[in-house]
Amino acid sequence: MNTKLKKIAVMTSGGDSPGMNAAIRAVVRTSAYYDVTCIGIYQGYQGMIEANFVELNARSVHNIINKGGTMLQSARSVEFRTPEGRAKAHANLLAEGIEGLIVIGGDGTFTGGMIFNQEFDFPIIGIPCTIDNDIFGTQYTLGYDTALNTVVEAIDKIRDTASSHNRLFFVEVMGRDAGFIALNAGIGAGAEEILIPEENIGLDKMLESLIKSKEAGKTSSIVVVAEGEKTGKNTFELAEYVEENLPEYDVRVSVLGHMQRGGAPSCFDRVLASRYGVSAVELLLSGASNLMVGFVNNQIQYTALDKAVKEHHNIDQELMRVSDIISI
Ligand code: F6P
């Protein structure tokens, strides 16, 4: 590849997710392949401000493709939100001779990257990485597939105890603004009802559905609740509401929490991370900027960062329909 860039940098930022290490590895090795130096920036934008840099080579990223978390660590930097903080970060990049940046993260990370690009005309490419899968321009963010498998495995275990005691379990999963994890893991784990932020089914419909389940002869049930769902009650309040209105149910709550963000990435996420890493470096070296790599219809596609941040990746209505049909 004919490239003018001789030194680029990579960092992870925002909430971590499985697959970040595999993406770092792919970025570093692709850089080495094209004879370009790759600098790792620790702790995201905060590390840029503090010049917390390390030179990485193909061997520095051995044995990490299978590891959760991020070897470069992640942070949410308050200082980077200020013009002074960004100016410091820019000066540090220039002093180190870094000519382009690959940011691995979600919409907050991309927003920071766009502002930085506008202010300093600094080349930036984004790799979408969040378990929430809520980024426009890709059908799969890194970490989402692993999180789905983690959630399904946890719910399978909860179902064992639920059925032993004829209980109803409310299982809360992550997804502050998006129901992708709840909907897909809910279907995969055979949930009776799924509550997501995108679709407020209402408390009455939830009660109705639970009554129907009992009438249909179900002795135990699982309701999957995305943390950002919109009934106006949190998961514990929802459980109390059901206990008050349907006293025949013995209800329990299980909040899965941050365990959903950890663990070894699935094979799907490792392959995706590798493809994203190669494409992101090749894009940057070709002179492109302000783009995010994504995966659509089994192919890598590019989306402008501002579009990826501003537009919505909608829930598949067909999945809602499937869930309604098969949960009778
Ligand atoms: O990574 C996204 C996410 O998992 C959300 O679903 C969740 O609300 C949030 O991160 C929690 O992140 P933190 O505890 O790091 O603030």
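Just so you know, all these numbers are worked out from the coordinates, no wet-lab data involved. In this text, all values refer to a predicted model and were calculated from it rather than measured experimentally. We place every Cβ from the backbone using ideal geometry, glycine too, and count neighbours over all the protein chains shown.
Would you work out if the range 36-94 is rounded, prolate or oblate? Take a ≥ b ≥ c from the square roots of the eigenvalues of the alpha-carbon gyration tensor; rounded if a/c is under 1.5, else prolate when a/b is larger than b/c, oblate otherwise.
Note, shape of the range 36-94 comes out oblate.
Want the number for ARG252 to ASN314: 0.36 nm per residue separation, take away the alpha-carbon distance, what's left?
Extra length from ARG252 to ASN314 when fully extended: 19.3 nm.
Shape call for the range 1-142 from the C-alpha gyration tensor, a ≥ b ≥ c root eigenvalues: rounded (a/c under 1.5), prolate (a/b greater than b/c) or oblate?
rounded
With a point put 7 Å past each Cα toward its Cβ, work out how far ILE326 is from ASP204 in nm, to one decimal.
Going by the 7 Å Cα→Cβ label model, 3.0 nm.
Could you give each residue of the range 245-259 its phi-based ³J(HN,Hα) in whole Hz, using Karplus coefficients 6.51, -1.76, 1.60 with θ = phi - 60°, and x for Gly or Pro?
Rounded to whole hertz, the list is 8, 10, x, 5, 8, 9, 9, 9, 10, 9, 9, 6, x, 6, 4.
Compute for the chain: radius of gyration divided by Kirkwood radius, i.e. Rg/Rh, restricted to C-alpha atoms, rounded to two decimals.
Reported Rg/Rh, Kirkwood definition of Rh: 1.05.
Where Rh is the Kirkwood radius over the Cα pairs of the range 9-48, the temperature 25 °C and the viscosity 0.890 mPa s, what D in µm²/s does Stokes-Einstein return?
Rounded to a whole number, D works out at 230 µm²/s.
Normalise the Cα radius of gyration of the range 151-215 by 2.2 N^0.38 Å (N = residues in it) and let me know the number.
So the range 151-215 has a normalised radius of gyration of 1.13.
With the dipole of the chain worked out from charges on the C-beta (+1 for Lys and Arg, -1 for Asp and Glu) around the Cα centre, which of SER289, GLY217, GLY97 lies farthest toward the positive end?
It is GLY97.
Given axes a ≥ b ≥ c from the Cα gyration tensor, I'd like to know whether the range 144-261 is rounded (a/c under 1.5), prolate (a/b larger than b/c) or oblate.
The shape class here is oblate.
Among DSSP beta bridges whose residues both lie in the chain, state the antiparallel percentage, nearest 5.
25 percent
What are the ³J(HN,Hα) couplings of the range 216-223, residue after residue, when phi is run through the Karplus curve with 6.51, -1.76, 1.60 and θ = phi - 60°? Round to Hz, x for glycine and proline.
Once θ is set to phi - 60°, the couplings for the range 216-223 become 7, x, 6, 9, 9, 8, 10, 10 Hz.
What is the antiparallel percent of DSSP beta bridges lying wholly in the range 144-261, to the nearest 5?
Expressed as a percentage, antiparallel bridges in the range 144-261 total about 5.
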